[in-house]
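Asks: Can you read through this structure? Questions will come right after.
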Amino acid sequence: MNKQTSARRWRFGLIHLFPLPALAIYTLFIVYPILAAFTYSFYDWQGFKRGSWVGLDNFVDLFTREPFNRLFWNALGNNVYYFVLEMVVQNVLAFILAYIVYTRIKGAGFLKAAYFVPRLLSVIVVGFLFKLILNPNNGALNTLLKKVGLASWAKPWLGDPDTALTAIILVNCWFGMGFALLLFLAGLQSISREVIEAARIDGAVGFRLIRTVIMPMMMQSIIIVTVYTFIHAFEAFELVYAMEGSQGEPVNSTDTLAIFFYRVAFGGSGGADSTAVGLGSALAIVMFFIIATMSALFLYLTRNREVQQ
Amino acid sequence: MKRWSLVLAVAILFFGVVLAACGGNNSGSGGSSGSGTSTATAGSGSQSSGNSSSASSSSGEEKVVLTMGSWRTEDVEAYEKIIAAFNQHHPNIEVQFKPTKNTEYNTVLNTELSTGGGPDIIHLRPYAAGQVLADAGYLVPLTDLPGLEKFSETTLRAATGSDGVVYGVPTVFSSTQIFYNKKIFADLNLQVPSTWDELIATAETLKKNGIIPFSFGSKEGWLLSLTHGMLGPAIYGGSDFVQKVTTGQTNFQSEAFVASIQKLLDLVPYFPDNYVGLGMDDMRNLFVTEQAGMFVMGDWEIAVMKGMNPDLDMDAFPVPWPDGTQTITTWVDGSFAVNANSPNKEAALKFLEFMTTEEFGTLVVNELKKPSTIPGVVADDPLVAKLSQFADTISTPYMFVVYFNSGNPTSKSVLENSLQAMFLGEMTPAQVAEEVQKSVDTWFKP
């Protein structure tokens, strides 16, 4: 009896050892860099050489020194705008399209694949493609506008601070919609048909059916998509970099926190002229807390919104 | 079960701390989160290269192998020829040219140096970026290197530490000049302008004939400081102004500097449509496809443009000042320095000495197709020869690269940002000048 227990205990313990290799990699590539960034942010840096301990000076600089404080709030505002616009355009459209595919119209399978195709392209390719399309003088969009007599609408989309960020986000919506659509579709398909039939018989049709029956029952997918969009929007980098470079041009209008971080920590286009690793690390830490807190808060607030079937 | 998970948690924590400690020892240099991986690979790479060079130096009594780091992956063939020429003089010193991708070079080099490795001969970024390495003690001071006296003080600035000691041998200049389409100029009977007014008149004629006068766009900031660096000296008075501003006799809010920015704004009628949305590729395309007559650009684009349109008949002229003076803007593109950790400093210094000879200078202009920093070198290619001659005789420094590329953010990037805002109608030239002065004040004392 005793022997058996200890053998069982041993086996039970052994199971806990199996995740260790994965955990080691996780620690090396995720936990260690985060901790390292924490320590970096407390030092003064000369280029890539670590100087003396300066406590919270880097954080104070970030929030009080011109132009960093202004650029920080500007970039944060751009991230918020990124999130809101992606929610409204990308996710609402994705939901509508997912519902259309769900109703099994003719060609639903083809549509599902077609909507997802952009996602298979590299972000750099997408950025390059849309840079060509949005080119002010010989791009497809402005040429089209001129052809249909809307020449006055033609703009230097990526060169005008009023339109540059919106243009990038809309490209991102085109790119990311397929993924949101798949998640929504999975949520829709997990609702049993009987429930919907029953609701129909009870008189719930059209938008009412979606709002009162379907949406509450697929809350899980909606939460996942929202959190995913949030994290994605607050880490926005690749597409902005591909389309506007590391300077947040024009005039900081496309500066996101990640672009701002990259520029501060590693210098801009001119190489290592202006590296500020300490300040960059401080910024990375602030970003980490914003994303972690908001994601946790969001999950906490929505934990009871899901309706059990 | 509780006990097991506790043990596990402690084990993980311990493991993490050990890892963190190890990492901290051999790489005090990475960037921040996310750069941990590149640090690790770069570190191991440097160790192997360090080993190979020291091993080979100890195996043969006289034979020495040097490694040479660089960001010029395009120039492998050219450097092979240069090294072959060097070996005519020093057959026992083998030099291996090992370039790293341009955008990765700084990070790789920095991590290598901070772990005690790195190539024996270092291709040094010019000005502030190279100065950082000198100030960190990674480079051998070149106090008595023969041949260094050939270079002007402005040229040596590119490789001078903040202690005033020279740490590198500058090799090539980058220069900006106005390229023009010879065919279009000939068709319209235009001459190369010799005053600013003639330049404007030329632009006017081009415009009337449906040709874009200047292939220009303001979407990418670096092109704005580049263009100002080229055209600005004609208005603010070139090297004189630089001398005055660096000694505190004038500043960026002076009339001369504000006027130099105003003049850029005055050129707007001669820019392409929607120029605020155009970047480098668009500008190059307009000039290469012969839609534009003139192009304020650096010498490094010659090869690219010739590659895109071999039939393009182009030449270059310097910027004409209102009083008829002519200048092109130059700055040192890179220097070569010796790694303070190198086991073969003597041999490496021999190579640097070779880099101060006219023989090397001639190889540079003909193989790298760039103006040499060594005065009096003549190139085979007529355009390169012309630019080299300009660089020797009528050059003015690219002020914001040579003197004002420090601060955080750098004063150069403040200028770029402000100019961009100006072209978008959000700032006046006076406000641009004010922003630049504010930035310079944060770090610069005359």
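The values are calculated or read from the model by the stated rules, or taken from the named source; none is laboratory data. Nothing here was measured: the structure is a model prediction, and the numbers come from that model. Heads up, the Cβs are rebuilt from the backbone with ideal geometry, glycines too, and the neighbour counts pull from every protein chain shown.
Asks: Determine whether the stretch B:359-378 contains at least one residue that is in a loop (DSSP other than H, G, I, E, B), touching a strand residue (DSSP E or B) at 6+ places or on another chain (Cβ under 8 Å) and within 14 Å of chain A (Cβ to nearest Cβ).
Replies: No, the stretch B:359-378 contains no residue that is in a loop (DSSP other than H, G, I, E, B), touching a strand residue (DSSP E or B) at 6+ places or on another chain (Cβ under 8 Å) and within 14 Å of chain A (Cβ to nearest Cβ).
Asks: Related question: Filter the stretch B:171-223 down to residues that are charged (D, E, K, R) and either over 16 Å from B:ALA292 (Cα atoms) or in contact with a strand residue (DSSP E or B) (Cβ under 7 Å, 6 or more places away or on another chain) (or both), then give me how many there are.
Replies: 6
Asks: Which one of these does B:THR250 not meet: (1) of a type in the set (Val, Ile, Thr); (2) outside any helix (DSSP H, G or I); (3) more than 21 Å from B:ASP441 (Cβ to Cβ)?
Replies: (3)
Asks: Follow-up. Would you mention how many residues in the stretch B:254-284 are more than 24 Å from the chain's Cα centre (by Cα), in a loop (DSSP other than H, G, I, E, B) and surrounded by 14 or more Cβ atoms within 10 Å (Cβ to Cβ)?
Replies: Residues flagged as more than 24 Å from the chain's Cα centre (by Cα), in a loop (DSSP other than H, G, I, E, B) and surrounded by 14 or more Cβ atoms within 10 Å (Cβ to Cβ) within the stretch B:254-284 amount to 5.
Asks: Quick check on my filter: what residues within the stretch A:55-105 are within 14 Å of chain B (Cβ to nearest Cβ) and charged (D, E, K, R)?
Replies: Those that are within 14 Å of chain B (Cβ to nearest Cβ) and charged (D, E, K, R): A:ASP57, A:ASP61, A:ARG65, A:GLU66, A:ARG70.
Asks: Quick test of your reading of the structure: B:PRO233 fulfils all but one of (1) farther than 26 Å from A:MET243 by Cβ; (2) assigned to a loop (DSSP other than H, G, I, E, B); (3) not charged (D, E, K, R). Name the failing condition by number.
Replies: Only one criterion in (1) farther than 26 Å from A:MET243 by Cβ; (2) assigned to a loop (DSSP other than H, G, I, E, B); (3) not charged (D, E, K, R) is unmet by B:PRO233, namely (2).
Asks: Here's something else I'd like to know. Hey, can you tell me all the residues within the stretch B:281-293 that are hydrophobic (A, V, I, L, M, F, W, C) and either facing chain A (nearest Cβ under 10 Å) or touching a Ser or Thr at 6+ places or on another chain (Cβ under 7 Å) (or both)?
Replies: Step one: of the stretch B:281-293, the residues hydrophobic (A, V, I, L, M, F, W, C) are B:283, B:286-288, B:292.
Residues satisfying the conditions are B:MET283, B:LEU286, B:PHE287, B:ALA292.
Asks: Ok, one more. If the requirement is being under 30 Å from A:ILE223 (Cα atoms) and either buried (at least 18 other Cβ atoms within 10 Å of the Cβ) or in contact with a helix residue (DSSP H, G or I) (Cβ under 7 Å, 6 or more places away or on another chain) (or both), which of these qualifies: A:TRP157, A:TRP174, A:TRP153?
Replies: On the way: A:TRP157 fails: under 30 Å from A:ILE223 (Cα atoms); A:TRP153 fails: under 30 Å from A:ILE223 (Cα atoms).
Checking each option against the conditions leaves just A:TRP174.
Asks: Answer yes or no as to whether B:ALA385 is surrounded by fewer than 23 Cβ atoms within 10 Å (Cβ to Cβ) and in a helix (DSSP H, G or I).
Replies: Details: surrounded by fewer than 23 Cβ atoms within 10 Å (Cβ to Cβ): yes; in a helix (DSSP H, G or I): yes.
Yes.
Asks: When you scan the stretch B:179-197, do you find a residue that is within 21 Å of the chain's Cα centre (by Cα), free of Cβ contacts under 8 Å to residues at least 24 places away in the same chain and not in a loop (DSSP other than H, G, I, E, B), even just one?
Replies: no
Asks: Mind checking which pairs have a first residue in the stretch B:324-343 that is over 18 Å from B:VAL296 (Cα atoms) and a second that is outside any strand (DSSP E or B) and of a type in the set (Asp, Glu), Cβ under 6 Å, 6 or more apart or different chains?
Replies: Correct list of pairs: B:ASN339/B:ASP120; B:SER342/B:ASP120.
Asks: Still on this model: Evaluate the following for A:GLY270: is it part of a helix (DSSP H, G or I), within 9 Å of chain B (Cβ to nearest Cβ) and modelled with pLDDT under 90?
Replies: No.
Asks: Restricting the search to the stretch B:107-134, which residues are within 9 Å of chain A (Cβ to nearest Cβ) and part of a loop (DSSP other than H, G, I, E, B)?
Replies: Residues satisfying the conditions are B:ARG125, B:TYR127.
Asks: Give the residue, chosen from A:ILE224, A:ILE168, that is more than 30 Å from B:LEU224 (Cα to Cα), under 14 Å from the mean Cα position of the chain (by Cα) and not hydroxyl-bearing (Ser, Thr, Tyr). Full working, then the answer.
Replies: Working: A:ILE168 fails: more than 30 Å from B:LEU224 (Cα to Cα).
So the residue among A:ILE224, A:ILE168 that is more than 30 Å from B:LEU224 (Cα to Cα), under 14 Å from the mean Cα position of the chain (by Cα) and not hydroxyl-bearing (Ser, Thr, Tyr) is A:ILE224.
Asks: For the stretch A:61-85, which positions are farther than 19 Å from A:TYR262 by Cα and without any contact (Cβ under 8 Å) to a residue 24 or more places away in the chain? First the steps, then the outcome.
Replies: Of the residues in the stretch A:61-85, the ones farther than 19 Å from A:TYR262 by Cα are A:64, A:81, A:83-85.
Of everything in the stretch A:61-85, those that are farther than 19 Å from A:TYR262 by Cα and without any contact (Cβ under 8 Å) to a residue 24 or more places away in the chain turn out to be A:THR64, A:VAL84.
Asks: Quickly run through the stretch B:398-412 and pick out the residues that are at pLDDT 85 or above and polar (S, T, N, Q).
Replies: Step one: of the stretch B:398-412, the residues at pLDDT 85 or above are B:398-404, B:411-412.
B:SER411, the sole residue that qualifies.
Asks: For residues that are free of Cβ contacts under 8 Å to residues at least 12 places away in the same chain and assigned to a helix (DSSP H, G or I), tally how many sit in the stretch A:101-146.
Replies: 15
Asks: Among B:LYS208, B:LYS219, B:LYS263, which is of a type in the set (Lys, Arg) and more than 24 Å from A:GLU249 (Cα to Cα)? If you could, list the steps in order and put the result at the bottom.
Replies: Details: B:LYS219 fails: more than 24 Å from A:GLU249 (Cα to Cα); B:LYS263 fails: more than 24 Å from A:GLU249 (Cα to Cα).
Of B:LYS208, B:LYS219, B:LYS263, the one residue that is of a type in the set (Lys, Arg) and more than 24 Å from A:GLU249 (Cα to Cα) is B:LYS208.
Asks: Select, from B:LYS182, B:LYS150, the only residue that is closer than 20 Å to B:ALA316 by Cβ and of a type in the set (Lys, Arg).
Replies: Matching residue, one of B:LYS182, B:LYS150: B:LYS182.
Asks: A further question follows. Among helices (runs of 4 or more DSSP H) lying entirely in the stretch A:1-71, which contain 2 or more residues that are crowded, with 18+ Cβ neighbours inside 10 Å?
Replies: A:32-40, A:57-64
Asks: Within the stretch A:157-164, identify whether any single residue is assigned to a helix (DSSP H, G or I), more than 29 Å from the chain's Cα centre (by Cα) and either over 30 Å from B:ASN274 (Cα atoms) or small (Gly, Ala, Ser) (or both), and answer yes or no.
Replies: no
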